[in-house]
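Working notes for the structure below.
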Amino acid sequence: MKRVVEGSQAVAEAVRLAKVQVISAYPITPQTHIVEILADYVSQGRMKARFLRVESEHSCMAALIGAQSMGVRTFTATSSQGLALMHELLHWASGARLPIVMAEVNRALAPGWNIWSDQSDSLSQRDTGWMQFYCEDSQEVLDTTLFAYRLAETVYLPAMVVLDAFFLSHTYEPVDIPSQEDVDRFLPPYEPAFQLDTKHPYALSPLVTPNAYMEMRHEMSAAMEDVLGLYDGLEEEMFRAFGRRYGMVEAIECRDARVVFVTSGTVTSTARIFLKKLRERGEKVGVLKVKLFRPFPTEEVRRALAGVPKVVVVDRNCSFGLGGIFAQEIRAALCNVPGERRVYGYIAGLGGRDITEELLEEIYGEVTEGKGPERENIWKGLQEVSHGGR
Amino acid sequence: MEAADRELMCSGHVGCPGCGATIAMRFFLKALGEKAVMVLPACCWSVIAGPFPQSSIKIPVIHAAFETGGATATGVRAALDMRGDTETTVVTWAGDGGTFDIGFQALSGAVERNEDFIYVCYDNEAYMNTGIQRSSSTPYGAWTTTTTGSDWKKLRKKNIVEALVAHRIPYAATANIAFPEDLMRKVKKAKAVKGSRFIHVFASCPTGWRIPSEMSVKIARMAVQTNIFPLYEVEDGVRYTINYKPREYLVREYFKLQGRFRHLSDADLDAIQEMVDEDWHLLLRKAGERA
Ligand SMILES: Cc1ncc(C[n+]2csc(CCOP(=O)(O)OP(=O)(O)O)c2C)c(N)n1
Ligand code: SF4
Ligand SMILES: [Mg+2]
């Protein structure tokens, strides 16, 4: 059934349909609508779940670790400072192989206080062993949340469904909300391979000596790799259930492109419009949307960018001292692939500044003029700053 | 089966000889029984429990991040409830550092929500796992590896029970490894209560206190007999019961036996005696009793 809903509600509907049993959350803008809706669903009895109103994000993730260890499906949502506060527990969740799912509303980190869209929060958690999906619209958010449970519960790794602050979380769009029967077919009840049980007592996450630690980490790494093999098959199942699929990446008109823009999140929608206009003018340009960030779909990226001489990566984030994080990953994926190409990292839209079609056109102009820019990492859309008296 | 026969802790644990924390766990589990799940944040017990794939505790254990004792238990309880299991008791077992300091926020949050679980703090009065550093439970006068020489701790021990009582939790009690019947009675009593329950167990540490291992239980007993660590219970945050009264030793007799207090002068010991007397009278007043 199609309904016009906020991105936040799309998340909440997916969580309701997934029949999550324990939800825990701590408020932070712009995550709040998601958890307010869920708290309401629980109190109305529309969800048979416990909603834990904990005193911090740190405790929130700890509570979910406790709950998921006992064999129930869990959920949380957070943003920015909240995710940063959870950092230690993110490792605990993945290391204990608990398929917890969270919605992460991309927001900038302080200082200065900034509640707007920026990917630095989720990308700072790159190495915590959580899967990460970057969504473009509210439909994708809903579908991906359900998909995340299915995948997480297959490989026993936690998953983060990432959506841009406000551009997605607070924007109303028509969204097809699948029926409970269709969801149940795609996502059966959670049957954990292991859970704590007083009849068969054992210890979870104990002291592990160098004798065994490395094997455990290797299994986590192997589980991440398994995701890449399982992904298309599970999406096929989702397609049969809901009629939609997205791919780990989406290559749009990349085949003959001389310049490909690599995007993630809502910027992709802007890039689609920009692409259409440029193609109408006969420009050989393409867009590669990267949805799956962890595990990184190296093969898919290589295939999409094969033979493309100029790659522009648009990053709404920055790893200080090296540049945009998606750009680094794309460069790493293309390393050891034969052929000549330039990869430009463009940092834009930090702290919720708009990334417009005009901005993308400007970038296109820069990279196609002559040999293209000398620099590989470029900040785009900066204003003049005067450093009074320094 | 009688509690006294039931053994839910295995031999082969890796606690130091004379470890009070180990004795505390043994009696605690005897009284608790096997229908329980334990949350174990980082502390000496993370090690004592044994490395993967062994465990010296015969109930399910979730080893947890240091500061998450209250929060992890919250989730365990919620999941059990969702599974329709209201019989299994949820327990957090944490050290003084994990309780008084880094885990205090999560504990305060959990008991404010009146989560249905028993929180046990075994108190060895310092961060022992990491090598005897001071905590807010370290008593006035003590040497630790971060309060050395003339910088011995000159601040009072935090009164954790009163902090918990201020949350008006249904049941709070102190206990001591040298009084096992009293300890086990309190565990059973706590088990029968609904909501947040807190048990503060005094657990001597030969390694950190610089005492011979065979003195471990005697010194723990003296902590009660000097009124340094009174045995008492508080129900619903208001009804106080003192379980042990006659004072048998002066504070200095307890202090003289321990290497961690060796540097203290007679004047220091007199000052400490005054503090202990003051705290004891405060407790008597709360319990509506006279000295
Ligand atoms: C966030 C974090 N900081 C520090 C540590 C290191 N650490 C592990 S156990 C411990 C001390 C525990 O002290 P306490 O709770 O009193 O238990 P004890 O070891 O004395 O039994 C510390 C500091 C940790 N595991 N996690
Ligand atoms: S250091 Fe102290 S508390 Fe830790 S195991 Fe040894 S005696 Fe027990
Ligand atoms: Mg301690």
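Here, each number is a calculation from the coordinates, and none is a lab measurement. Predicted model only: the values in this text are computed from it and were never measured. For neighbour counting, all protein chains shown are included, and Cβ atoms are generated from backbone atoms with ideal geometry for every residue, glycine included.
Using only Cα atoms, tell me the angle between helix A:57-69 and the longest principal axis of chain A; keep it within 0 to 90° and round to the nearest 10.
Approximately 60 degrees, to the nearest 10.
Suppose every K and R has +1 on its Cβ and every D and E has -1 on its Cβ; what is the size of the dipole of the protein assembly as shown about the Cα centre, in Debye to the nearest 20? Before the final figure, lay out each step's value.
Values: 77 positive and 85 negative charges, 248 e Å.
Dipole of the protein assembly as shown, to the nearest 20 debye: 1200 debye.
Report the calculated FRET efficiency for A:ARG240 and B:LYS189 (r = Cβ-Cβ distance, R0 = 35 Å), to the nearest 0.05.
With a Förster radius of 35 Å, E is 0.05.
Compute the acute angle (0 to 90°) between the alpha-carbon long axis of helix A:80-95 and the principal axis of greatest extent of the alpha-carbon atoms of chain A; round to the nearest 10°.
It is inclined by approximately 60 degrees.
Once you have a ≥ b ≥ c as the square roots of the Cα gyration tensor eigenvalues for the stretch A:273-351, tell me rounded if a/c is under 1.5, and otherwise prolate or oblate according to whether a/b is larger than b/c.
Details: a/c = 1.68, a/b = 1.15, b/c = 1.46.
Oblate, because a/c is 1.5 or more while a/b does not exceed b/c.
How high is the relative contact order of chain B, in percent, with contacts defined as C-alpha pairs under 8 Å that are six or more residues apart? Before the final figure, lay out each step's value.
Working: 593 pairs, mean separation 48.6, N = 291.
Normalised by residue count, the contact order of chain B is 17 percent.
Classify the protein assembly as shown as rounded, prolate or oblate from the Cα gyration tensor: take a ≥ b ≥ c as the square roots of its eigenvalues, call it rounded if a/c is under 1.5, otherwise prolate when a/b beats b/c and oblate if not.
Numbers: a/c = 2.51, a/b = 2.03, b/c = 1.23.
Because a/c hits 1.5 or more and a/b exceeds b/c, the protein assembly as shown counts as prolate.
Please determine, in degrees from 0 to 90 and to the nearest 10, the orientation of helix A:32-44 with respect to the longest principal axis defined by the Cα atoms of chain A, where the helix direction is its Cα long axis.
Long axis of A:32-44 versus the principal axis of chain A: about 30 degrees.
List the aspartates and glutamates whose Cα sits under 20 Å from the Cα of A:LYS2, skipping any in the same chain fewer than 8 residues away.
Hits, sequence-local ones excluded: A:GLU13, A:GLU136, A:ASP137, A:GLU140, A:ASP143, A:GLU173, A:ASP176, A:GLU181, A:ASP182, A:ASP184.
Pairs to check: B:LYS35/B:LYS189; A:LYS284/A:LYS371; B:LYS30/B:LYS186; B:LYS158/B:LYS186; A:LYS199/B:LYS58. Give those whose C-alpha atoms are more than 20 Å from each other in this structure.
Details: B:LYS35/B:LYS189 16 Å; A:LYS284/A:LYS371 16 Å; B:LYS30/B:LYS186 12 Å; B:LYS158/B:LYS186 22 Å; A:LYS199/B:LYS58 10 Å.
With Cα atoms farther than 20 Å apart: B:LYS158/B:LYS186.
Excluding A:LEU228 itself, what net charge comes from residues whose Cβ is under 14 Å from its Cβ, given Lys and Arg +1 and Asp and Glu -1?
Numbers: positive: A:LYS291, A:ARG294, A:ARG302, A:ARG303; negative: A:GLU225, A:ASP226, A:ASP232, A:GLU235, A:GLU299, A:GLU300.
My count for the surroundings of A:LEU228 gives -2.
Under 15 Å Cα-Cα from A:LYS277, which aspartates and glutamates qualify once same-chain neighbours fewer than 8 residues away are excluded?
A:GLU253, A:GLU357, A:GLU358, A:GLU361, A:GLU362
Would you tell me the mean number of C-beta atoms belonging to other protein chains that fall within 10 Å of each C-beta in A:46-57, as a whole number? Mind showing how you got there, number by number?
Working: counts 0, 0, 1, 2, 7, 1, 8, 3, 9, 11, 5, 0.
The mean count of partner-chain Cβ atoms within 10 Å per residue comes to 4.
Label point 7 Å out from A:ALA212 along Cα-to-Cβ: which residues of the stretch B:29-51 have amide N under 11 Å?
Flagged as within label range: B:50-51.
Where in chain B are the DSSP H helices whose alpha-carbon span along the long axis reaches 15 Å or more and whose Kyte-Doolittle mean is at least 1.0?
Numbers: long enough: B:20-32 (18 Å, 1.19); B:69-82 (20 Å, 0.46); B:180-192 (18 Å, -1.17); B:266-287 (31 Å, -0.42).
Those that clear 15 Å and a mean of 1.0 are B:20-32.
Classify the stretch A:2-242 as rounded, prolate or oblate from the Cα gyration tensor: take a ≥ b ≥ c as the square roots of its eigenvalues, call it rounded if a/c is under 1.5, otherwise prolate when a/b beats b/c and oblate if not. Write out the running numbers ahead of the final one.
Details: a/c = 1.45, a/b = 1.23, b/c = 1.18.
Since a/c stays below 1.5, the shape of the stretch A:2-242 is classed as rounded.
Just the number, please: percent antiparallel of the DSSP beta bridges in the protein assembly as shown, rounded to the nearest 5.
Working: 22 of 87 bridges.
The antiparallel fraction comes to roughly 25 percent.
Set the Förster distance to 22 Å, then compute FRET efficiency between A:THR171 and A:GLU357 from the Cβ-Cβ distance, nearest 0.05. If you can, show how the numbers build up before the last one.
On the way: r = 18 Å, r/R0 = 0.80.
Efficiency at R0 = 22 Å is approximately 0.80.
Please average, across the residues of A:191-201, the number of beta carbons from any other chain that are within 10 Å of each residue's own beta carbon, and give a whole number.
Working: counts 0, 0, 0, 0, 3, 10, 5, 12, 3, 1, 11.
Across A:191-201, the average partner-chain Cβ count within 10 Å equals 4.
Taking beta carbons within 10 Å but only from partner chains, what does the mean come to for residues B:107-118? Don't skip to the end; give the middle numbers.
Values: counts 2, 1, 6, 5, 0, 1, 4, 0, 3, 0, 0, 0.
Across B:107-118, the average partner-chain Cβ count within 10 Å equals 2.
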